[in-house]
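The values are calculated or read from the model by the stated rules, or taken from the named source; none is laboratory data. Note that the structure is a prediction, hence the values are computed from the model and not measured. Please note: Cβ atoms are built from the backbone with ideal geometry, for glycine as well, and neighbour counts cover all protein chains shown.
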Amino acid sequence: MKSVTLICSVLLISSFGVAALDVKQRFNHLDYNKDGYLTHDELEPQPQLLSNYQRWDKDQDNRISLVEFKDFLTNNLY
């Protein structure tokens, strides 16, 4: 029983790590100038993402941070 619990815990933790890496990879792919933020211009080629720009930008600074990107994806797309 302890082995099953341990295996399940390891699988659960590793799946969260993979999901976090996937979000970071998506963000980095979109961040063309590599400044750590997504701008309206960077998302323009992605109309399905750009349509949610104002909802993503929680602090209204006209750029999307990795935290805002992750929060939006985990709360709205997964």
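Some observations on this one:
- Number of residues in the range 19-56 that are over 13 Å from the mean Cα position of the chain (by Cα) and either exposed (fewer than 13 other Cβ atoms within 10 Å of the Cβ) or of a type outside the set (S, T, N, Q) (or both): the value is 18.
- Search result, residues across the range 21-70 that are acidic (D, E) and modelled with pLDDT of 90 or more: D31, D35, D41, E42, E44, D57, D59, D61, E68
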